[in-house]
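The values are calculated or read from the model by the stated rules, or taken from the named source; none is laboratory data. This one's a predicted model, so the numbers in the text were calculated from it and none came from an experiment. When we count neighbours, we look across all protein chains shown, and the Cβ atoms used for this are built from the backbone with ideal geometry, even at glycine. For the accessible areas, the whole protein counts, side chains as well, though only heavy atoms, and no ligand, DNA or RNA atoms are used. Shrake-Rupley method; radii C 1.70, N 1.55, O 1.52, S 1.80 Å.
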Amino acid sequence: MSNSTNFFDRDDVKVKVEQLWAAVFESSSKVLEQHTKFGFDGVAMAKDPSLADRVTNLQILGAVIDVLLKPNSTVGDLEYEQQRQLLNARAQITTMEQLAAAMQVKNEADYLRAVEALDRQAVM
């Protein structure tokens, strides 16, 4: 066992960061697929999970990301690549929140801007 004060070793952190990043982008990719197939109205009517359910789940992941990005967290200092992945996932979550907010008030123009932003950011 290592004498490290970090809760996870570097390899564990890399795996967890990759899993978080993948979960965020899988969710946003599904919304992009729904948009391509069904448009604004189709995404609004999607069930199991609904857009609101997706965003709630992403917000939970966002809270985990925030803890991991916090300086002096129990995981220790993250390498740049892990920081970049987490920041990228955090940005994708924010865009999904914007998309959901636009959908809720039926603002199709803002919704489409969020869709474009998701599409541009997808899988970097």
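Restricting attention to region 99-124, report how many residues are open to solvent by 50 Å² or more (accessible area, probe 1.4 Å) and closer than 13 Å to residue 59 by Cβ.
Going through region 99-124 one residue at a time, the tally reaches 1.
Considering (1) under 11 Å from the mean Cα position of the chain (by Cα); (2) open to solvent by less than 70 Å² (accessible area, probe 1.4 Å), say which one residue 57 fails and leave the rest.
Every condition holds for residue 57 apart from (2).
Collect the residues in region 89-98 that are more than 8 Å from the chain's Cα centre (by Cα) and open to solvent by less than 20 Å² (accessible area, probe 1.4 Å), keeping them in residue-number order.
Passing the criteria: only 95.
Would you say residue 117 is of a type outside the set (Asp, Glu), without any contact (Cβ under 8 Å) to a residue 60 or more places away in the chain and in contact with a helix residue (DSSP H, G or I) (Cβ under 8 Å, 6 or more places away or on another chain)? Before you say what the answer is, go through the steps one by one.
Details: of a type outside the set (Asp, Glu): yes; without any contact (Cβ under 8 Å) to a residue 60 or more places away in the chain: yes; in contact with a helix residue (DSSP H, G or I) (Cβ under 8 Å, 6 or more places away or on another chain): yes.
Yes.
For region 62-77, name all the residues that are out of contact with any Lys or Arg (no Cβ under 9 Å at 6 or more places or on another chain), modelled with pLDDT of 80 or more and not β-branched (Val, Ile, Thr).
63, 70
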